[in-house]
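Quick notes on the structure that follows.
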Amino acid sequence: RPDKLNALNRRVLQELDEAITGALGREAVKSLLVTGAGTRAFVAGADISEFLEEDGDGAELSARGQHIFQRLEDASKPVVAAVNGFALGGGCELAMACHIRIASNTARFGQPEVNLGLIPGYGGTQRLTRLVGAGRALELMMTGDIISAEEAFRIGLVNRVVPADELIGASRQLLGKIQSRA
């Protein structure tokens, strides 16, 4: 959904779940590369319009996302996120569920849910804390600040930053190197 900055909705979560199931179930697939369609966004977050239509407190949608992202984190095959553009809210959480994160120099990261009176709902509170430490994680979650790829690298949120036009090539090269090992 590049026209919606790849925002996560029920359909996208379902398709992501199906893609993960298919990839993990095929012996010929040795690794996974997760990236956003287009160049403006990896995933700009959850589709807020769908969230606002949700009956109740959104617990079902949150549990669904947690389950899918946990499957990605627990995958027995290497999973690399190639972050191209905005990785906000659920998008940042999706990137954090991947084993390794490579960001384009134009990528931006954040957990702006606090601006809606929410917290990261797909496991981001735990993953962000593990990746960058409690103090930085709390600051990002409580301020809703959006940070650059360079800052994300400096604090340990991403493994490396590459020029935007080299993102997919660098990600594939890393996966190739990983796959060449025992």
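Okay, here's what the table says:
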quantity	calculated
Every residue from region 137-149 that is more than 13 Å from Gly85 (Cα to Cα) and not aliphatic (A, V, I, L, M)	Glu139, Thr143, Gly144, Asp145
Scope region 98-136; condition closer than 26 Å to Asp165 by Cβ and among the small types (Gly, Ala, Ser); matching residues	Ala103, Ser104, Ala107, Gly110
Region 133-161 - residue that is among the basic types (Lys, Arg) and part of a helix (DSSP H, G or I) and, of those, most open to solvent (accessible area, probe 1.4 Å)	Arg154
Any chance Ile168 is under 27 Å from Leu24 (Cβ atoms) and part of a helix (DSSP H, G or I)	yes
Every pair of residues 6+ apart whose Cβ atoms lie under 8 Å, when the first sits in region 64-89 and is under 15 Å from Asn105 (Cα atoms) while the second is polar (S, T, N, Q) and open to solvent by 30 Å² or more (accessible area, probe 1.4 Å)	Ala81/Thr35; Ala82/Thr35; Val83/Thr35; Asn84/Thr35; Asn84/Thr39; Asn84/Thr106; Gly85/Thr39; Gly85/Thr106
Residues satisfying the stated conditions in region 5-19, i.e. open to solvent by less than 30 Å² (accessible area, probe 1.4 Å), farther than 14 Å from Leu61 by Cα and out of contact with any strand residue (DSSP E or B) (no Cβ under 8 Å at 6 or more places or on another chain)	none
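The values are calculated or read from the model by the stated rules, or taken from the named source; none is laboratory data. Keep in mind that this is a model prediction, so the values were computed, not measured. For neighbour counting, all protein chains shown are included, and Cβ atoms are generated from backbone atoms with ideal geometry for every residue, glycine included. Side chains included, ligands, DNA and RNA excluded: accessible areas come from the protein's heavy atoms. Shrake-Rupley method; radii C 1.70, N 1.55, O 1.52, S 1.80 Å.
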